[in-house]
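Here is the structure we will look at, set down as structure tokens.
The values are calculated or read from the model by the stated rules, or taken from the named source; none is laboratory data. The model shown is predicted, which means the values in this text are computed figures rather than measured ones. So basically every Cβ, Gly included, is an ideal-geometry build from the backbone, and we count neighbours across all protein chains shown.
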Amino acid sequence: MVIRTSTARTPGALLAAVLLALVPLLAAAPPVRAEPEPKAPPEFVALSDVDPTIIQEIRYHTAHNFVGEPVDGYRRPMCVLTRDAAEALRRAQWKLLWRGYSLKVYDCYRPQRAVDHFVAWAEDPDDQRMKEEFYPRVDKARLFEDGYIASRSGHSRGSTVDLTLVRLPAWPTRPYVPGEPLTPCHAPREERFPDNSVDMGTGYDCFDTLSHTLDPRVTGVQRANRLLLKKALEEVGFVNYPSEWWHYSLASEPFPDTYFDFPVHRGSLTGR
């Protein structure tokens, strides 16, 4: 395309000629369309629809986690799971309620984009803002090697859950204030960030060997609490990850090889 101009033309006429010449090119350009957000398969449900009595404190929707900010993909503070996993938790909850306890979930389904957020954070050696609480005795450079961070997570398959026990009646946990002084997650319970759960020997997401479910240094009431949670969940088909007392996966998970990336919010649930 050649645009011929004349020195006799006014600037306004020249601009009009250029715009007129561009009209066919603009009309021929394909429209830009936003990619639709992925949706959850119909096998996924909101845990609150299956059992509203289970307490939810979704940490990755907040800044109180090892990253120090809300994590990608957590649009709402809600637990989403496969129906099989949610129904299994409901059965465990029914037995625990009779004993004066409730389950409390910290994390359920986790989008792949959230896992990618963790990986990017782990590769940034300068971001140590939450070290004093979540990994005070671990060099951040070793998080991959020691297995605390990975590029894939069982949570993204929808049948893995991070959870604890709360003695009833339950008082709410106070909100975390970004920038407040941090205390090591392995410190005695009265010194750690307050949590309305029973004492498990460490806080949630504590990158420390003391978090190993059967660590011999954890004794007395703390060990009994871990074993109570373990027994309750194993009886309904969950298997514990030995390095984390809070981490359980449904043994017969319906999507053992699929890692999903739909965001955590009600709109991701198909037709609901």
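Points worth noting:
- Test set (1) in a strand (DSSP E or B); (2) modelled with pLDDT under 95; (3) among the hydroxyl-bearing types (Ser, Thr, Tyr) - residue 173 fails condition number: (1)
- Residue 98 meets each of the listed conditions (1) under 25 Å from residue 53 (Cβ atoms); (2) in contact (Cβ under 8 Å) with a residue 60 or more places away in the chain apart from (2).
- At least 1 residues being at pLDDT 95 or above and of a type in the set (S, T, N, Q) is the threshold, and among the helices (runs of 4 or more DSSP H) wholly inside region 57-139 those reaching it are 83-98, 112-122.
- Among the residues making up region 252-266, none is touching a Phe, Trp or Tyr at 6+ places or on another chain (Cβ under 7 Å) and small (Gly, Ala, Ser).
- A count restricted to region 75-95 and to residues that are free of Cβ contacts under 8 Å to residues at least 24 places away in the same chain and in contact with a His (Cβ under 8 Å, 6 or more places away or on another chain) stands at 1.
- Residue in region 236-253 that is under 25 Å from residue 38 (Cβ atoms) and surrounded by fewer than 15 Cβ atoms within 10 Å (Cβ to Cβ) present: yes
- Test result for residue 52, touching a residue at least 40 places away in the same chain (Cβ under 8 Å), part of a loop (DSSP other than H, G, I, E, B) and not hydroxyl-bearing (Ser, Thr, Tyr): no
- Scanning region 147-163 for residues that are in contact (Cβ under 8 Å) with a residue 40 or more places away in the chain, surrounded by 14 or more Cβ atoms within 10 Å (Cβ to Cβ) and farther than 27 Å from residue 42 by Cα returns a single hit, 148.
- Within region 188-206, the presence of a residue that is basic (Lys, Arg) and under 21 Å from the mean Cα position of the chain (by Cα) is excluded.
- Those residues of region 180-210 which are of a type in the set (S, T, N, Q), in a loop (DSSP other than H, G, I, E, B) and under 18 Å from residue 248 (Cα atoms), in sequence order: 202
- From the list 49, 72, the one residue that fits, being more than 17 Å from the chain's Cα centre (by Cα) and among the acidic types (Asp, Glu), is 49.
- Scanning region 160-197 for residues that are touching a Cys at 6+ places or on another chain (Cβ under 9 Å) and farther than 20 Å from residue 130 by Cα turns up 160, 161, 163.
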